[in-house]
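Data block below; observations after.
The values are calculated or read from the model by the stated rules, or taken from the named source; none is laboratory data. Nothing here was measured: the structure is a model prediction, and the numbers come from that model. Virtual Cβ from ideal backbone geometry, glycine too; neighbours counted across all protein chains shown. Side chains included, ligands, DNA and RNA excluded: accessible areas come from the protein's heavy atoms. Shrake-Rupley method; radii C 1.70, N 1.55, O 1.52, S 1.80 Å.
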Number of protein chains: 2
Amino acid sequence: MKITIKDVARMANVSISTVSRVINNSQTVNSEIRKRVLDVLEATQFRPNAIARTLVKNNTSLIGVLLPEIKNNVLDDMVEGINQVAHLYGFDVMIALSGGNPDSEMHYYNLFREMQASGIIISASGIRDSLFELIEAAGIPCILVGRDSREQSIPSVHVDNTSAAFEAVTYLIQQGHRDIAMLRGAAGDISAGNQRFLGYEQALKAAQLPLRPELVLESGLSVEDGTTSMRKLYLSGPLPSAVFCATDRMAIGAMNFLTENGVKVPEQVSFFGFDDIDMAAIIRPKLSTVRYSASELGMVAARNLIKLIKGEELAAVHWSISHQLEIRDSIARLVKR
Amino acid sequence: MKITIKDVARMANVSISTVSRVINNSQTVNSEIRKRVLDVLEATQFRPNAIARTLVKNNTSLIGVLLPEIKNNVLDDMVEGINQVAHLYGFDVMIALSGGNPDSEMHYYNLFREMQASGIIISASGIRDSLFELIEAAGIPCILVGRDSREQSIPSVHVDNTSAAFEAVTYLIQQGHRDIAMLRGAAGDISAGNQRFLGYEQALKAAQLPLRPELVLESGLSVEDGTTSMRKLYLSGPLPSAVFCATDRMAIGAMNFLTENGVKVPEQVSFFGFDDIDMAAIIRPKLSTVRYSASELGMVAARNLIKLIKGEELAAVHWSISHQLEIRDSIARLVKR
């Protein structure tokens, strides 16, 4: 158990500020009280600057977490999972945000190393090859989350996005849908967005349905992006009977657009999202989506990072987190045509 | 400008891993390349362990941010504001999460101090007196956000919750509402929840309306808490014509409960929320709420913390962030009775 200044204050029966004054050698503490505090400090071995000194001894127990942002339910839950496991094993966790900026990613990666973090968990959708290279060269335990790094030797934890998207679109097909649009991320997005599009492609192919390019819209992954893409689709021709969206946020933006333009969801257009964010079950109609446990992503990453830190052998290098289809009210079953 | 290993690699025209190998004295680098890298290292004064050493020299430029959690739009935006300003002034930002646990708050507070952070921004709704005491004793620049610390000498940035709540409830009264319920936070909540209840009380009093205890429900601040409280209100007697909620999340949970039980919003019951989270404009009917800029909270905190760090004089010790009523579709105007 870590002794805090509070414990010292309680044991010496003085206030925290008195302990602080004694530590800082302030002259305003009377000698009897000073002696009492010093005795407790000695007995408890309390060291206010323990970290600064262990840094020098290269012996911290800090896990660094490098994220693009935190305005994102998935990353929030993931961090919760990391924290939970790290604290069980006595590790502290510090989070840095890169804003998705590769230079900033590199900077914070270096900062964590320089702080002598025991290991680093990186969630970087746009992670560059140079950072991969640095991670491999650095020799500090690292785990990637949210991006499949199978092409690299760096351990990673991720959702099997392609299979999950395949299953979601196949479900729509089984409900009788044939004209299924996809609102996807930008084609250059090397992470989840692309893999989810792959699953869409595969499901159409497996059902021998044509991929109709006019039904595939590229955009960002936000609510507003969903609205914008849906407007384009709405203006460009007859509506599809179903829309698969790369994120719940896009689906929510798209559904709201249609509802406001008098199109009935799911009677006229069905929707399938991805991520199962809080909002998915709160909006009406409730959104059908792909659910996975983001906190499990974090927990698996933290557990295996700690094994790496301790020099234990890993059971695998790449882990997939399980997912499931969460069917709610946004999908209509079509009668056979 | 901070030199990174990447800059060194580029200048020496080698890969990052080669630079790393030279730094780590690996024998696998040929002597000509080694010399080239060493020359660049010397010229750029690049120090891979700069932080560990500046820690000893007490000269980092790190701002620590201590939050209860990040599953919260307001805190996410606030962190964005902090990051934006900190980076402009050349500070790094590290975030630690306490999970709202006071021991963990204390632990990370100490960790930041021990890492020789230049200053700390603390958002701790449940922040305890012992931590206040520690902050005052520590002599390290600190700013509180989201909690009014006027009773303390610790600088703080916050929303004027009481005035904002007063204005929201007064607006409902002006729309003809007389029976206005409040779904509030727990009475023990010393932060925003309590202050918002104060504003509700004051608005009723100013309009000479009685405060009816059976219309005030205490709970947590989540969507589920809103649903639970609304169910109690629904089962306990005639519905009020309007409900003021301490958070948008509670309002959303309460509105969904009524809608699912056949009560029309806003025709039968009007709603006013607080915080203007993303969801407020996404759900239907769109929720009327109190809007303020959480990123401004963060920016003001960071700017003034940096002034404190630099030893500059502050224009004030406590700052209020401006707010405004965002009137949307969740409020009905009652005809005069």
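Just a few scattered comments:
- Shortest-first nm distances, residue A:30 label point to equivalent points in other copies (7 Å, Cα→Cβ): 7.7
- Residue with peak Gaussian network fluctuation, chain B [Cα springs, cutoff 10 Å], from B:255, B:299, B:106: B:106
- Residue range of chain A that is longest and free of GluC sites (Glu not before Pro) which are both DSSP loop and sparsely packed (at most 12 other C-beta within 10 Å): A:1-150
- Average Cα contact separation per residue, segment B:241-337, under 8 Å, 6 or more apart, as relative contact order %: 31 percent
- Partner chain coverage, peptide B:240-250 - average Cβ within 10 angstrom: 0
- Within the protein assembly as shown, antiparallel bridges make up roughly 15 percent of the DSSP beta bridges whose residues both belong there.
- Degrees, to the nearest 10: B:192-206 long Cα axis against longest axis of chain B: 30 degrees
- FRET E, pair residue B:268, residue B:129, Förster distance 45 Å, beta-carbon r, rounded to 0.05: 0.50
- Each stretch of four or more DSSP H residues adds -39500 (n - 2.57); spread over every residue of chain A, this sum gives -14000 deg cm²/dmol at 222 nm.
- Point-to-point label distance, residue B:214-residue B:136, nm (Cα→Cβ direction, 7 Å offset): 4.5 nm
- Solvent-accessible surface of chain B, taken per residue with a 1.4 Å probe and all protein chains present: 42 Å².
- Relative to the Cα centre, the charge distribution of the protein assembly as shown, modelled as +1 at Lys and Arg Cβ and -1 at Asp and Glu Cβ, gives a dipole magnitude of about 40 debye.
- Peptide-level mean, for B:99-111, of C-beta atoms on other protein chains within 10 Å: 3
- Residue order by solvent-accessible surface for B:77, B:329 is B:329, B:77, largest first, with ligands and nucleic acids left out and a 1.4 Å probe.
- In this structure, the residue pairs whose Cα-Cα separation is over 31 Å, taken from A:71/B:232; A:71/B:286; A:205/A:307; A:307/B:6, are A:71/B:232; A:205/A:307.
- Label-point distances for residue A:325 to the equivalent site in the other copies, using a point 7 angstrom along Cα→C-beta, read 4.7 nm when ranked shortest first.
- Residues in segment B:293-337 reached by a label modelled at residue B:153 [backbone nitrogen below 15 Å; 7 Å Cα→Cβ]: B:314, B:317-318
- Shown for residue A:3: label points 7 Å from Cα along the beta-carbon vector, and their distances to the equivalent points in the other copies, 4.3 nm in ascending order.
- Charge dipole magnitude, Cβ of K and R +1, D and E -1 - chain A, Cα centre, debye nearest 20: 660 debye
- Taking both sides together, the accessible area buried where A meets B is about 5100 Å² for a 1.4 Å probe.
- Among B:304, B:73, B:161, residue whose mean-square fluctuation peaks in a GNM of chain B (springs only between Cα atoms under 10 Å): B:73
- Cross-link partners of residue B:264 among aspartates and glutamates (Cα-Cα below 16 Å; sequence separation of 8 or more within a chain): B:329
- Contact order for chain B, expressed relative to its length and based on alpha carbon pairs under 8 Å spaced 6+ residues apart, stands at 17 percent.
- Degrees between helix B:248-260 axis and first principal axis of chain B (Cα, 0 to 90, nearest 10): 50 degrees
- Whole-Hz ³J(HN,Hα) from phi, Karplus 6.51 cos²θ - 1.76 cosθ + 1.60, for segment A:71-76, glycine and proline x: 7, 6, 3, 5, 5, 4
- 0 to 90° range, to nearest 10: angle between helix A:129-138 axis and chain A longest Cα axis: 30 degrees
- Residue A:205 versus residue A:43: modelled label distance in nm, points set 7 Å from Cα along the beta carbon direction: 7.3 nm
- Tensor-based shape of segment B:128-175 (alpha-carbon gyration tensor, a/c under 1.5 rounded, otherwise prolate or oblate): prolate
- Cβ-placed point charges (K, R +1; D, E -1), dipole of segment B:281-337 about Cα centre in debye, nearest 20: 500 debye
- DSSP-assigned coil residues among trypsin sites (Lys or Arg not before Pro) in segment B:252-319, each with at most 12 further Cβ atoms within 10 Å: B:264
- Remark: spin-label model distance residue A:284-residue A:178 equals 3.4 nm, labels positioned 7 Å along the Cα→Cβ axis.
- Expressed to the nearest 5 percent, the antiparallel share of DSSP beta bridges inside chain B is 10 percent.
- For segment B:68-92, a reduction of at least 10 Å² in accessible area between the chain on its own and the assembled protein chains (probe 1.4 Å) is found at B:70, B:71, B:76, B:77, B:79, B:80, B:83, B:87, B:92.
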